[in-house]
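Step one of this worksheet: look at the structure below.
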Amino acid sequence: HRVDRRQRQMCIRDRNNRKNKKGYAFISQFRNDYLENIELAGPDLYEPEIRILPMILNHSLAKKTPLTILSCSNNLKDYDKEYTFYKDILGSDHGWALERQLNTFSNYFFVKNSDLVISIDSSLGYEGVAMGKRSAIFGSRFEFTTDKDWYCNQGGEELDKKGEFWTDETTKQEFDRVMDFALNSSELVWKNTVTKYKEHIMNCLLYTSDA
């Protein structure tokens, strides 16, 4: 389904209203070609997004902080499909915006300027941690895809299934635990935690990822 002009204008206007606000940045891993060949990945490839994103949106609305999804699409045709994908999960534009990837560095800009970086198993999510950004990682894609070698960031295996700021579960309890640590731990505790896992995080970035 093509996003009509009014919807796109609303999305752009919402994004402009957020320009000087930081908020939460969710790193998209949507790929239209994956959906077109879904039999390779399995029908539940994007189950993590379906389960986690509504919780992220509710959390951001409760905190009155913007939620920006960092798009993988660098052309309008793919952007329209990606927008529809997220609208099917989250409903109307209220409380969230899909930021089109304008160039190689635009998503890095949003990560750098966000209050919290949220990802499933995107390498950009691990890069955010390496940059010292407050981060929450919900690495559950291993559970839902049939082709783990291709569709999962193998670097995630460098870490235990659960840690202070990440989990392999999609339950509300685990979501709340990870978000609480990511947002409310002291600067010293956060810095020491990232330092503790620095070697593992850098090893994660050695793997080729799809985001």
If I ask for residues that are open to solvent by 20 Å² or more (accessible area, probe 1.4 Å) and more than 17 Å from Met131 (Cα to Cα), which ones from region 175-184 would you list?
Asp176, Arg177, Asp180, Phe181, Asn184
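Could you please find all residues in region 114-132 being under 15 Å from the mean Cα position of the chain (by Cα) and outside any loop (DSSP other than H, G, I, E, B)? Please lay out each step first, then the result.
Within region 114-132, the first condition is being under 15 Å from the mean Cα position of the chain (by Cα), and the residues that meet it are 114-129.
Matches in region 114-132: Leu116, Val117, Ile118, Ser119, Ser123, Leu124, Gly125, Tyr126, Glu127, Gly128, Val129.
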Test for Phe105: is it open to solvent by 10 Å² or more (accessible area, probe 1.4 Å) and touching a residue at least 40 places away in the same chain (Cβ under 8 Å):
no
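Taking region 74-101, which residues are in a loop (DSSP other than H, G, I, E, B) and farther than 27 Å from Ile201 by Cβ?
Restricting attention to region 74-101, the residues satisfying the condition of being in a loop (DSSP other than H, G, I, E, B) are 74-75, 91-95, 100-101.
Within region 74-101, Asn75, Gly91, Ser92, Asp93, His94, Gly95, Arg100 meet the criteria.
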Residue within region 17-26 that is closer than 18 Å to Asp93 by Cα, modelled with pLDDT of 90 or more and among the charged types (D, E, K, R) present:
no
In the list Lys81, Lys77, Lys64, which residue meets the criterion of being out of contact with any strand residue (DSSP E or B) (no Cβ under 8 Å at 6 or more places or on another chain), open to solvent by 50 Å² or more (accessible area, probe 1.4 Å), of a type in the set (D, E, K, R) and touching a residue at least 12 places away in the same chain (Cβ under 8 Å)?
Lys81
Consider Thr170 carefully, then state whether it is open to solvent by less than 60 Å² (accessible area, probe 1.4 Å), modelled with pLDDT of 90 or more, of a type in the set (Ser, Thr, Tyr) and assigned to a loop (DSSP other than H, G, I, E, B).
yes
Those residues of region 84-102 which are touching a Cys at 6+ places or on another chain (Cβ under 8 Å) and surrounded by 21 or more Cβ atoms within 10 Å (Cβ to Cβ) amount to Ala97, Leu98
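The values are calculated or read from the model by the stated rules, or taken from the named source; none is laboratory data. Bear in mind the structure is a predicted one, so any value in this text is a computation, not a measurement. Cβ: placed from backbone, ideal geometry, glycine included. Neighbour counts: every protein chain shown. The area values use the complete protein model at the heavy-atom level, side chains included, leaving out ligands, DNA and RNA. Shrake-Rupley method; radii C 1.70, N 1.55, O 1.52, S 1.80 Å.
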